[in-house]
């Protein structure tokens, strides 16, 4: 039988819902999240994006076809040329300048998550790496969709976090999410049941680390 990305979500349904519907996300959508918690998350997410870029560089190195190489290059270029700059601009709006970002220490949750992704990519193959990255790339797009469907979500100037929601609900990010799902579906369709169980473990672990990342922001933990 062939597998698809939805099967990975199904294999860790409880953890996936706990990630997508985390209190950090709910408070962000409602506009009630403490500004200090959001600011702490923003700073750590900047560090995460740097390691995310490294992971896409690793994906390029591990690519065996021109198609996969171009896919990795497109992801790396989007992060370096678009998402990181947007993040820097976003941080500036919240009173965090680039010099402060450059001097930041990594929180334990940031260290755990980013090193897990890179270690998974180093010891595994290209599919292992993409599965480890999927909770972030696909998850943020799905979170934006979920928030859009909730009655408690406040949009516009009444919500100080509306720009964050709009960034991940936007056409560019949603298109990148769909592209990644299509790539994963194509590869997962060819794996054996035993291989799928290995990948489901990677996906579950990465999802649990995403939950910890939200909690880190909520608790303002170092």
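Rule-based calculations on the coordinates, nothing more; no lab input. All of these numbers come straight from a predicted model, not from anything done at the bench. Using ideal geometry, Cβ is built from the backbone for each residue, glycine included, and neighbour counts are taken over all protein chains shown.
Some points to look at:
- For the pair residue 50 and residue 152, a Förster radius of 45 Å applied to the C-beta separation gives a FRET efficiency near 0.85, rounded to the nearest 0.05.
- Nitroxide proxy distance, nm - points 7 Å out along Cα→Cβ at residue 4 and residue 108: 4.0
- Residues residue 119 and residue 67, FRET efficiency given R0 of 25 Å [Cβ-Cβ distance, rounded to 0.05]: 0.45
- Only helices enter this figure: runs of n ≥ 4 DSSP H residues, each worth -39500 (n - 2.57), summed and divided by the residues of the chain, yield -25000 deg cm²/dmol at 222 nm to the nearest 500.
- C-alpha long axis of helix 66-78 to longest principal axis of the chain, angle in °: 10
- Taking 140, 113, 19 and counting other C-beta atoms within 10 Å, the order from fewest to most: 140, 19, 113
- Spacing of the modelled spin labels on residue 30 and residue 18, each 7 Å from Cα toward Cβ, amounts to 2.1 nm.
- Once you reduce the stretch 31-46 and the stretch 67-130 to the center of their Cα atoms, the two points are 17 Å from each other.
- Degrees between helix 108-123 axis and first principal axis of the chain (Cα, 0 to 90, nearest 10): 20
- Between residue 163 and residue 195, the simple label model (points 7 Å from Cα in the Cβ direction) yields a spacing of 4.4 nm.
- Were the residues from residue 178 through residue 100 laid out at 0.36 nm apart, the gain over their Cα-Cα distance would be 24.7 nm.
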